[in-house]
1. What residues have an amide H closer than 5 Å to that of residue 55, excluding those fewer than 5 places away on the same chain, when H is modeled at 1.01 Å from N in the peptide plane?
2. Tally up the carbon and sulfur contribution to the accessible surface of the chain as a whole percent, 1.4 Å probe, everything protein left in place.
3. For the range 45-58, take each phi angle, set θ = phi - 60°, evaluate the Karplus expression 6.51 cos²θ - 1.76 cosθ + 1.60, and give the result in whole Hz per residue in order, putting x for glycine and proline.
4. Could you pull the accessible area for residue 29 with a 1.4 Å probe, rounded to 10 Å²?
5. Please list, in chain and number order, the residues 5+ apart from residue 83 or on another chain whose amide H is under 5 Å from its amide H, with Hs placed from the backbone.
6. Please calculate how many Å² of accessible area the chain carries per residue, with a 1.4 Å probe and no DNA, RNA or ligand atoms counted.
7. May I ask you to compute the full-extension gain from residue 31 to residue 1, defined as 0.36 nm times their residue separation minus their alpha-carbon distance, rounded to one decimal in nm?
8. Scan around residue 60 for amide H atoms under 5 Å from its own, H built in the peptide plane at 1.01 Å from N, and keep only partners 5 or more places away or cross-chain.
Amino acid sequence: CWGKIHKPGEAKNGCMVNGKLYPFGHIERTEDCYTCTCSRGGVNCCSLFHTPIGYDKENCKVVFNKKRCNYDVVQKDDPSKHCTVYSRV
């Protein structure tokens, strides 16, 4: 998670998150897969995804799936086959 405090007068029409203006209130999902709360005082966001750390790094690779807001772990030599993930953070 991360947050940003707005300077006085900075947030007139909403909050900027990664270059896009979002309206005040709860933001269910940004284009970059975050959920945020936007107010005149600042913005707080948390990711909707968890990064895989426990998997076969020699034979598998991590690919971000923007449609599902999650990481897929697939075989390097055949990306159509998924790998087992033992832990995420």
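The values are calculated or read from the model by the stated rules, or taken from the named source; none is laboratory data. Computed from a predicted model, the values in this text were never measured in an experiment. Reconstructed Cβ throughout: ideal geometry from the backbone, glycine too, with neighbour counts over all protein chains shown. Ligands, DNA and RNA are stripped out before the accessible areas are found, and what is left, the full protein with its side chains, is counted by its heavy atoms. Shrake-Rupley method; radii C 1.70, N 1.55, O 1.52, S 1.80 Å.
1. Answer set, sorted by chain and number: 86.
2. Working: 3140 of 6110 Å².
Roughly 51 percent of what the probe reaches on the chain is carbon or sulfur.
3. So the Karplus estimates, Gly and Pro as x, are 9, 10, 6, 8, 10, 10, 7, x, 10, x, 7, 6, 5, 6 Hz.
4. 110
5. Answer set, sorted by chain and number: 73, 74, 75.
6. On the way: 6110 Å² over 89 residues.
That works out to 69 Å² per residue.
7. Details: separation 30, 0.36 × 30 = 10.80 nm, distance 1.59 nm.
Computed gain between residue 31 and residue 1 is 9.2 nm.
8. Under 5 Å from the amide H of residue 60 lie the amide H atoms of 76, each far enough along the sequence or on another chain.
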